[in-house]
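The values are calculated or read from the model by the stated rules, or taken from the named source; none is laboratory data. These figures come from a predicted structure and were not determined experimentally. For neighbour counting, all protein chains shown are included, and Cβ atoms are generated from backbone atoms with ideal geometry for every residue, glycine included. Note: accessible area is taken over every heavy atom of the protein model, side chains too, but ligands, DNA and RNA are not part of it. Shrake-Rupley method; radii C 1.70, N 1.55, O 1.52, S 1.80 Å.
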Amino acid sequence: MTPSLSDLLDSAHVVSLPLVTRFRGIDHREALLLPGPAGWTEFSPFVEYDDAEAVTWLRAAIDFGWNQTPTLLRTSLAVNATVPAVDAALVPDILARFPGCRTAKVKVASADQTLADDVARVRMVRSVLGPEGRIRVDANGLWNMDEAEHALHALAEFDLEYVEQPCMSVDELIELRGRSAYMDVPIAADESVRKADDPLLVARAGAADILVLKAQPLGGIHAALAIIAQTGLPVVVSSALDTSIGLSMGAHLAAAIPELPYDCGLGTASLLAADVTHSPLLPVDGAIEVRRVSPDADLLELHAASAERRDWWLARLERCYALL
């Protein structure tokens with residue numbers, strides 16, 4: 001079921017939520033929220049994405065708000081803590097926002113930092129989590145081949161669970177997998193799936209051991225489940241720094257997957273200094289609930305984007321709708 005454009009425009013709420021710490025180069029997260037017959041949903045492609053990429057996020061929003069979700073196989077999900085590319089001294093405070101989380105995903109390869117900064121950050125995470133904690137690092141494809149290989153050597157002492165998107169291209173991932181096979185550090189693909197013309201290519205090419213899937217960038221829960229069914233690889237369901245409404249979409253995806261061997265990256269409401277609900281999907285004892293989330297009217301008003309930003313998002317919605 002596809003709603004009319006006028007219905008979407010008339011019911012849309014645009015919010016701007018402050019972040020606890022700068023993340024992906026932004027201090028506020030903007031999102032467009034919509035009430036659908038199945039529940040509230042979210043359209044929040046990052047502002048730098050063009051319409052051809054953003055339309056997939058709109059498909060996901062409509063899928064979650066206007067279609068029935070698949071059968072849920074679990075009611076709660078273990079989630080990882082997310083550590084932005086901050087100074088090592090700030091790591092304990094950030095991890096404290098993720099109570100009970102046994103896994104941490106650490107951002108690395110930031111353009112304004114060095115590998116030594118990354119090593120110091122991961123070392124602090126290991127110190128806080130202890131030897132039983134699990135650490136995964138995410139380079140967002142920012143290393144070249146030699147940098148990635150060098151970084152894996154430098155980080156080897158911390159017993160990484162996996163490295164996410166160390167290089168951008170599928171060919172690079174294939175070569176790095178071969179070069180680093182003796183180190184036994186699995187490679188996970190994120191951008192090579194959600195930004196690819198063919199999201200199945202990375203699996204067919206044998207370029208990754210694990211797939212990181214996000215509901216919005218892949219076109220929604222049903223589209224993501226179709227990818228999982230065709231690849232046969234283990235998956236990690238993650239977020240795109242969504243509000244709790246967008247996180248609910250990711251949680252419903254994860255809860256519908258038969259096998260979920262890795263903690264999900266769906267605890268990122270802890271990175272928001274504010275949310276659209278008084279009952280956000282925050283980690284409790286290392287897990288979040290699987291439930292629908294509705295915004296509270298006072299918070300929609302408090303965090304409403306400026307008139308200029310609202311107009312920008314509505315124009316974007318209209319352009320993307322034309323591409324459906």
Complete set of residues in region 134-182 that are out of contact with any Cys (no Cβ under 9 Å at 6 or more places or on another chain), open to solvent by less than 40 Å² (accessible area, probe 1.4 Å) and either of a type in the set (Ser, Thr, Tyr) or not in a strand (DSSP E or B) (or both): 151, 152, 154, 155, 158, 162, 165, 166, 170, 180
Qualifying position, being touching a residue at least 60 places away in the same chain (Cβ under 8 Å) and open to solvent by less than 40 Å² (accessible area, probe 1.4 Å), among 250, 265: 265
Any hit, region 268-290, residues being more than 21 Å from the chain's Cα centre (by Cα), over 22 Å from residue 58 (Cα atoms) and at pLDDT 95 or above: yes
Among residues of region 1-31, those that are under 17 Å from the mean Cα position of the chain (by Cα) and at pLDDT 95 or above, counted: 6
Residue in region 85-97 that is open to solvent by less than 10 Å² (accessible area, probe 1.4 Å) and either within 23 Å of residue 209 (Cβ to Cβ) or in a loop (DSSP other than H, G, I, E, B) (or both) present: no
Filter pass, residue 195 being open to solvent by 10 Å² or more (accessible area, probe 1.4 Å), among the charged types (D, E, K, R) and touching a Lys or Arg at 6+ places or on another chain (Cβ under 7 Å): no
Residue match in region 63-76 (condition: charged (D, E, K, R), within 30 Å of residue 5 (Cα to Cα), touching a Leu at 6+ places or on another chain (Cβ under 7 Å) and assigned to a helix (DSSP H, G or I)): no
Within region 218-236, considering residues that are open to solvent by 10 Å² or more (accessible area, probe 1.4 Å) and part of a loop (DSSP other than H, G, I, E, B), the one modelled with the lowest pLDDT: 232
Of all residues making up region 103-124, the number that are assigned to a loop (DSSP other than H, G, I, E, B) and either closer than 23 Å to residue 262 by Cα or within 23 Å of the chain's Cα centre (by Cα) (or both): 6
Members of region 1-28 that are part of a helix (DSSP H, G or I), open to solvent by less than 50 Å² (accessible area, probe 1.4 Å) and out of contact with any Pro (no Cβ under 6 Å at 6 or more places or on another chain): 5, 8, 9
Selection within region 270-297 - open to solvent by less than 40 Å² (accessible area, probe 1.4 Å), among the hydroxyl-bearing types (Ser, Thr, Tyr) and assigned to a loop (DSSP other than H, G, I, E, B): 277
Failed criterion for residue 77 (all others in (1) over 19 Å from residue 19 (Cβ atoms); (2) surrounded by fewer than 16 Cβ atoms within 10 Å (Cβ to Cβ); (3) of a type outside the set (Asp, Glu) hold): (2)
Within region 254-269, tally of residues that are within 28 Å of residue 16 (Cα to Cα), part of a loop (DSSP other than H, G, I, E, B) and of a type in the set (Gly, Ala, Ser): 1
